[in-house]
Amino acid sequence: MTSQAEVGGLRIAKALSYVCAHRDELAALLDEDDAALRAVGAVVGGPAADTVSLTALLDALHAAVRRAGDPSGVYGGSGRSVMPAGVADVDVVYRCPLQMCIGRSTHEVHDDLPRCQFASAETALIRERLP
């Protein structure tokens, strides 16, 4: 059984993963109204944040992104999956160096080495081969 805290933590981790992977696109979408995006970046890149404040910041960013025209916001939905139904999972994943988000699969990586947008100096995500 999954606890409510675990579900909330996974929701936050998925949203942070999306924000990290699409930070530049979100900044362009939000244009000059990017205070919510900057607030999330400040909290994630700083000292450990509590789940309640991170949830509130992600909720504000989600609302701002939706107002700017993206109906899925940062929490997304079933339409964002890059893995077709019935296909086995990938053999390589890229883990978050801050252990804050769910990272990315190889299908979501379009650069040679994906970088964490929240870690100092945009630290590379950790490449890991699944057993």
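Each reported figure results from applying straightforward, stated rules to the coordinates on display, with no laboratory input. The model shown is predicted, which means the values in this text are computed figures rather than measured ones. All Cβ positions, even for glycine, are placed from backbone atoms using ideal geometry, and neighbour counts span all protein chains on display.
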Given Cβ point charges of +1 (Lys, Arg) and -1 (Asp, Glu) and nothing else, what value in debye, to the nearest 20, does the dipole of the range 6-77 about its Cα centre take? 200 debye
Neighbour net charge for A36 - beta-carbon separation under 14 angstrom, K R +1, D E -1: -2
Label-point separation, S72 to E122 (7 Å along Cα→Cβ), nm: 2.2 nm
